[in-house]
Structures are given as structure tokens and as C-alpha cells.
Amino acid sequence: MLNGRNLWTITAAGALATSSPVAAQFEITYPDKPPKEGETLLEWADPPILKHTIPEAERGDTSTCGATSEYALEQTAVACWPVLRATQLFLLADYTAVEPTGDKSANRRKAIALADDAIAYIGTPEWPLEEYLLIKSLELKLNSLMRLEEWDAAYDTSIQLVSAIQNDLFEFDEFRLSFAYRKQGQVFLKLGMYDGAKLILEDARKLLSGFDADNNAMAFSDQSEDIIVHAINKGDIPYAVHMSHMYLTHIRRAPRGLRVGQSQHIDLLLYVAATQGKVAPALQLLDERFENQRSYAECDKGYFQFPRVLGPLLDDAAIREKLAEGGCSEDRFTTSLSEPIKALDGKTLPPFE
């Protein structure tokens, strides 16, 4: 996936005035020296595309605007005014969003305003790469709003983003849509829209049967975990268990190296089994977990601090024997039942007591 900052830090150096193909004369370059004190990332990179222009009399010529791949963005932007201007506006937002100097929150708000400029300029896209830049601008805006925890504005932007990706000008990207669904689900959960987040999950599930299903599972796995953890915290255990089993049923069909999220969903079921005191299903899940991780460290902390997810079941002799078979040392068999169990990304399961 092309990124604005590495795509457009390029040398133009008279290329536009020559007769050779434009794209062949662009090379990705970076400044030889680090930024000076007080110099912004944008000032340091100084991407030449921001200085490029097309004479006003030639801006109505859109004969070169019809490219449908992001990999044609360079050669299209230098000759197609609508794509060039949208690219310039997006780049200003893109650099500002990751500006390391100054106040990060202020930089993000400035980036949102600049992204809005790009979105407003593009309006209803006429050309495929305009639609691509609209998607990129909406992604940037949504990411910035989520980091600022401005959830109401993020709600509107998430809907706009999914809609833009589903339009038919630019080449359809299931992988991009899967991550947009994941972010939309996060926003809905933050706003307490639990039922809406469930519906988004089912829209995303359809991508697991798409042509890019293996890659789509990366975002879907996280989205599934988000809503299952939320369900557990709400006490909606039947839904949490059902969704966990649905995901595991799907991912078990994938080759071993592509079973993304399998251990995490097993850990969620182990947690539920532990809260219900069910040893037999926990033993079966442990067999699957260890089989899935047979080429890795068998008893690491794992995503949800495995084996802490077993809570009170750690005192059961059969569970302890199974853990020992999996390579877990006895010092891992004790845990505080009164502390919440935190995942690596901050998701939290309630304490057992």
C-alpha cells in the first residue's frame, strides 16, 4: 500500500519538461541530513509534488485522469489537475498528522482540518484516483479523530469511509474495507452502540469468503475479539461464546500459519469456561491451543496473559497436568482472581472475583 510520505518525497528536477515518460524520471529520495532544530517533517522532506503545478489553460485536459490503480498515482498526478490538487491537499494533511514537533493533539486537529479541505475539494469523485485520495483522506481523518477520542465525529467519518470504499470508481479493495469495518466497530462500541457493532461484524464476516479472505481475517479477528470482550463485560455470555465458536469454526479451515486469532479466541472461551467452572471443555480447548502453537513457546503469556484466563481452574489437577504437558512450569499456575485480565492492546476481561 502506497503511503503519501514515501510516495511523494521524490525528485522532479526538470523531468516535466523532457520528452521521456514522466514516471520513469521520478525516483524516491530522502534528505541526506536530519531535520534542523524546529524544522517540521514537511519542511524537511520538501516533496517536489507540492510545488508542481499545471498551467491553468491546460487544467481542463483530463485525458490522462482515468488510471484505476494507486500505483499509477505518480504519473497521473503530474498531468491531471484534479488528481494533482487532491494529492497535494492530502499530503499536507498526511505530513501534519504525524508531525513529531509541537503538540500532537493540535497537530492532529490541524491534520483533520486539512483532510477536510481535501475531502471538500474532491466532493463527488469523477476519476478513480480522486476516489482513492478521498478514501485516504477519510482514513487519515478517522484515525486522527479516534486518537483524539472524538467519537461522535468519528462515527460520521467511519460511515463516510465505508461508503467511499464501496463505491465503484476505484479498484475495490476488500482488505481496506475489512480494516474500515474494524474501526467502525470500535467507534460504535465506544458510543455504546452494541447492536450496531454486531451488525457491522456480520457485514465484515462476508469478506471472509471473498477473494482476499486470508488477509481479511487479520482485521476481522481483531474486530471479533473487540465485540466478544465487550459482550463478556456486558454479561452477554451466550453471544460471546457463539461468536467465539463461529470464528474458530472458520479459522480452523485455514493452513496452520494463517490461523490468525485462533489462540486469542480460544483464550476467551477458556475464560468463560473458568467463570462457569467447566473443566472438560477447558481441557479440550487447551489441547487445541497447544496443537496450534506446537512450534512456538507453549506457555507464554499470550494475548490475554495465558494461562491466567483459567483463573480458578488453575487449582484443578487435570488442568494443571494438561498445562504441564504443554510446557507450563508450576510457577505459572497461580494468579490473582481479584485483578482484571488485560490484553496486549488494552482490552480487559473482568476479574474472577
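Looking across region 255-287, the residues that are of a type in the set (A, V, I, L, M), under 18 Å from PHE220 (Cα atoms) and either over 30 Å from the mean Cα position of the chain (by Cα) or surrounded by 15 or more Cβ atoms within 10 Å (Cβ to Cβ) (or both) come down to VAL260, ILE266, LEU268, LEU269. Of all residues in region 333-353, those that are free of Cβ contacts under 8 Å to residues at least 12 places away in the same chain have Cβ atoms under 7 Å from Cβ atoms of residues that are in a loop (DSSP other than H, G, I, E, B), 6 or more apart or on another chain, in PRO340/PRO350; PRO340/PRO351.
Among the residues of region 122-136, some residue qualifies, meaning at least one is farther than 21 Å from ASN107 by Cα and aliphatic (A, V, I, L, M). Taken together, the criteria exclude VAL83 from residues that are at pLDDT 90 or above, β-branched (Val, Ile, Thr) and touching a His at 6+ places or on another chain (Cβ under 8 Å). Condition check for ALA324 on (1) without any contact (Cβ under 8 Å) to a residue 24 or more places away in the chain; (2) closer than 26 Å to ASN215 by Cα: one failure, at (2).
Screening the candidates GLU74, GLU99, GLU70 for the property of being touching a Ser or Thr at 6+ places or on another chain (Cβ under 7 Å), surrounded by 14 or more Cβ atoms within 10 Å (Cβ to Cβ) and not aromatic (Phe, Trp, Tyr) yields one hit, GLU99. Among the residues of region 140-171, the ones that are farther than 19 Å from LEU89 by Cα, of a type in the set (Ser, Thr, Tyr) and in contact with a helix residue (DSSP H, G or I) (Cβ under 7 Å, 6 or more places away or on another chain) come to 2 in all. Scanning region 127-147 for any residue that is surrounded by fewer than 16 Cβ atoms within 10 Å (Cβ to Cβ) and closer than 19 Å to ASP226 by Cα turns up at least one such residue. Note on region 60-104: residues that are over 16 Å from PHE170 (Cα atoms), within 26 Å of the chain's Cα centre (by Cα), in a helix (DSSP H, G or I) and of a type outside the set (A, V, I, L, M, F, W, C) amount to 5.
For region 324-353, the candidate set comprises residues that are at pLDDT below 90 and outside any loop (DSSP other than H, G, I, E, B); within that set, the residue that is surrounded by the fewest Cβ atoms within 10 Å (Cβ to Cβ) is ASP331. Every condition in (1) at pLDDT 95 or above; (2) closer than 19 Å to SER69 by Cα; (3) of a type in the set (A, V, I, L, M, F, W, C) is met by PHE179 except one, and the failing one is (2).
The values are calculated or read from the model by the stated rules, or taken from the named source; none is laboratory data. Keep in mind that what you see is a predicted model, and the values were worked out from it rather than measured. Neighbour counts run over all protein chains shown; Cβ positions are idealised from the backbone, glycine included.
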